[in-house]
1. For a quick check: sort Met115, Met77 by the number of other beta carbons within 10 angstrom, fewest at the front.
2. If packing is taken as the average count of other Cβ atoms within 10 Å, what order do 134-145, 91-102 fall into, highest mean first?
3. Report the calculated FRET efficiency for Glu128 and Leu197 (r = Cβ-Cβ distance, R0 = 25 Å), to the nearest 0.05.
4. For an R0 of 35 angstrom, estimate the FRET efficiency from the Cβ-Cβ distance between Trp116 and Arg190 and round to the nearest 0.05.
5. Run the reach check for Lys165 against aspartates and glutamates, Cα to Cα strictly under 14 Å, same-chain hits fewer than 8 apart removed. What comes back?
6. Can you sort Lys23, Lys6, Lys157, Lys195 by how many other beta carbons sit within 10 Å, fewest first?
7. Quote to one decimal, in nm, the extra length available between Val176 and Gln86 on full extension: 0.36 nm per residue of separation minus the C-alpha distance between them.
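Please treat every number below as a calculation from the coordinates, not as lab data. Just so it is clear, the model here is predicted, and its values are computed rather than measured. Please note: Cβ atoms are built from the backbone with ideal geometry, for glycine as well, and neighbour counts cover all protein chains shown.
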Amino acid sequence: SLSTYKELCSIVTDIGQPDLIYKFMDLANYQAMLNSSKGAAYGFAGIAKRAGDALAPHLAKLLPKLYRMQHDPSPNMREAVKGIWQAVVDDPKGAVEAHFSAVMEELLSECGSRMWRARQSSASALAELLSGRHFAEVEPYLERVWEASLRSIDDIKETVREAGKTLCRASRGLTVRLCDSHHSSPAETRATIEKTLPMPLNKGLTS
C-alpha cells in the first residue's frame, strides 16, 4: 500500500540511505509472494537475496527500526518488515543481543513519538525486549523504562494504552525479579530499588 511504501521510505531516509528503498521494496514484495504463490516466490528469490546482501552493511542502523516495526499496528507494515528482517538478520537473537543498546534507545525514544503507531509499536516491542534481561543489561535504562511504561498507560490513544499495560506488566516482572535475592546480588537489588522506586512516587502518571 502507499502508506507502507511511505513508511519504508522514512526508514532508509532516517539512516541516510534513501537509495536503499528499492531493496526494501524487493524484500517486501518477496514476502508477499511467499504468502500468495510459492512458484512466483521461487523465481524472485535471487532478487531478494541480492537485496538482503545490499542491506546487510547497514544492519546496525536498520535493526533497531526493523525490530520496532515488527510490532506495528498495521498488518501490511508488519508483513513487509518481516520480509526485510528475515533477509537481513541471519541470527535474530544474536543480532538483538549485539545491538541491544541501539534497540533500547530506539524504543525508549519512540515511546514519546508524536505518531501513535510509533508509540504503540515501541511499547509492544519494549515489553518483548525486557523479557529475561539481567541487571547489567538494563541498569542504565531502568528509570526511563518505567517512565515509558507509565506514559504509555496514560496515552490518549486506547490501543497505545493497551500496549502500555503489557509493557507495565513486563517492567513490573523485570523489576520484581531484579529485586529477588535468588536472581540478583544485594548490590544489584539495592541499585534496582534506588533507580525504580523514586520515579513513580515522584512523577506518577502525567494526568
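1. Placing the least packed residue first, the sequence is Met115, Met77.
2. Details: 134-145: 17.0, 91-102: 13.8.
Descending mean neighbour count gives 134-145, 91-102.
3. Efficiency, from the Cβ-Cβ distance: 0.50.
4. 0.40
5. Of all the aspartates and glutamates, those that pass the test against Lys165 - Cα under 14 Å, at least 8 places apart if same chain - are Glu128, Glu147, Asp154, Asp155.
6. On the way: Lys23 23, Lys6 9, Lys157 15, Lys195 20.
Least to most surrounded, the residues fall as Lys6, Lys157, Lys195, Lys23.
7. Details: separation 90, 0.36 × 90 = 32.40 nm, distance 3.39 nm.
Length gained, Val176 through Gln86: 29.0 nm.
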